[in-house]
Amino acid sequence: MTADPMRAAPVLLPDPGPPLDYYLVGHRDPATTVEGIVVEEFTRHRDFTTTGLDNAGWTPDAGWWSSAALSRAMRTDPEVLARVLPTSRRDAEDVYRALGGGQLPDESALRTYFLDRQPIATAPPLRLGPEQPPAGFHERRVYRVLFAKDLGAGQVASLRTAWRTPAGGTGASGRLDQHGDQITWDLRRVGHSLAWCLDVTALLRTDATVVLGSILSELTNVLRQHGLIPVTTERFC
């Protein structure tokens, strides 16, 4: 399961940030035959675009280790993708206990096992759409979150219902109006492989950058809960 992993040793770090992402890894069906756990966290610029991916893995025989190669394979290798299942911390705790690990460390401790960061190349925001925001808004931002794995028709239908997507189309979309800000998003399949993207457009009247970061995180986590694996977050304006 590991690829030249670096062994993890606890180190004290400052207060934790947002919740971590958890994955189960199994031989064929990770939902029923679990070999280990992977924990990840993206590092980000101030504008929420990704700069890197931290990771820690655990198996009963090897304990905690860190491997950027595994994080890459989870997003690019079809055989590895088939063995990986996004999960919640609660389920990861149950699996960790069932495999003999005891009590899963808290997230501050888990971050001390992040030893082998996968860097993610970034570039200045590209211009996609009009240069100026519409009248009444002081800023327009467009983000794209890329995902690996696939969604079934039932999962897409569930998202369309939850987001109140209008009839028609093959993806799912939604909209949030909050304190005068308008945030819309559109989920669709991209390329010829098992990949999806979420395009998020924010029209801002207020200074809502912190709120925007939370919304991007929440939308990404919803899609993780439906089985997708986030790859990167890019900004187009």
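Against the conditions (1) out of contact with any Lys or Arg (no Cβ under 8 Å at 6 or more places or on another chain); (2) among the hydrophobic types (A, V, I, L, M, F, W, C); (3) open to solvent by 30 Å² or more (accessible area, probe 1.4 Å); (4) assigned to a strand (DSSP E or B), Val231 satisfies every one except (1). Of the residues contained in region 178-189, one or more are found to be farther than 25 Å from Ala82 by Cβ and among the β-branched types (Val, Ile, Thr).
Taking the condition of being among the β-branched types (Val, Ile, Thr) and either at positive phi or within 19 Å of the chain's Cα centre (by Cα) (or both), how many residues in region 91-120 meet it? Qualifying residue count for the region: 1.
Here is a check on your reading of the model: is Gly227 farther than 28 Å from Leu20 by Cβ and small (Gly, Ala, Ser)? Break it down into steps so the answer makes sense when it comes.
On the way: farther than 28 Å from Leu20 by Cβ: no; small (Gly, Ala, Ser): yes.
Answer is no for this residue.
Filter region 181-228 down to residues that are surrounded by fewer than 19 Cβ atoms within 10 Å (Cβ to Cβ) and in contact with a helix residue (DSSP H, G or I) (Cβ under 8 Å, 6 or more places away or on another chain), then give me how many there are. The qualifying residues number 3. Restricting attention to region 181-213, the residues being within 18 Å of Arg235 (Cβ to Cβ), aliphatic (A, V, I, L, M) and part of a strand (DSSP E or B) number 7. Give the residue that is most open to solvent (accessible area, probe 1.4 Å), with candidates limited to residues of region 164-180 that are under 24 Å from Ile229 (Cβ atoms) and not in a strand (DSSP E or B). Selected residue: Thr170.
Selection over region 19-63 of residues that are over 25 Å from Leu212 (Cα atoms), among the hydrophobic types (A, V, I, L, M, F, W, C) and open to solvent by 20 Å² or more (accessible area, probe 1.4 Å) gives a count of 3.
Yes/no per residue for (1) open to solvent by 20 Å² or more (accessible area, probe 1.4 Å); (2) more than 24 Å from Lys149 (Cβ to Cβ); (3) of a type in the set (Asp, Glu):
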position	(1), (2), (3)
Ser66	no, no, no
Ala69	yes, no, no
Pro78	yes, no, no
Val84	no, no, no
Asp91	yes, no, yes
Val95	yes, no, no
Leu99	yes, no, no
Gly102	yes, yes, no
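Given the condition exposed (fewer than 11 other Cβ atoms within 10 Å of the Cβ), modelled with pLDDT under 95 and part of a loop (DSSP other than H, G, I, E, B), answer yes or no: does some residue in region 112-122 qualify? Yes, the conditions are met somewhere in region 112-122. Close contacts from region 203-230, counting a first residue that is under 26 Å from Arg189 (Cβ atoms) and a second that is of a type in the set (S, T, N, Q) and part of a loop (DSSP other than H, G, I, E, B), with Cβ to Cβ under 9 Å and a gap of 6+ residues or different chains, come to Gln225/Ser88.
The values are calculated or read from the model by the stated rules, or taken from the named source; none is laboratory data. The model shown is predicted, which means the values in this text are computed figures rather than measured ones. Please note: Cβ atoms are built from the backbone with ideal geometry, for glycine as well, and neighbour counts cover all protein chains shown. Only protein heavy atoms, including side chains, enter the accessible area calculation; ligands, DNA and RNA are left aside. Shrake-Rupley method; radii C 1.70, N 1.55, O 1.52, S 1.80 Å.
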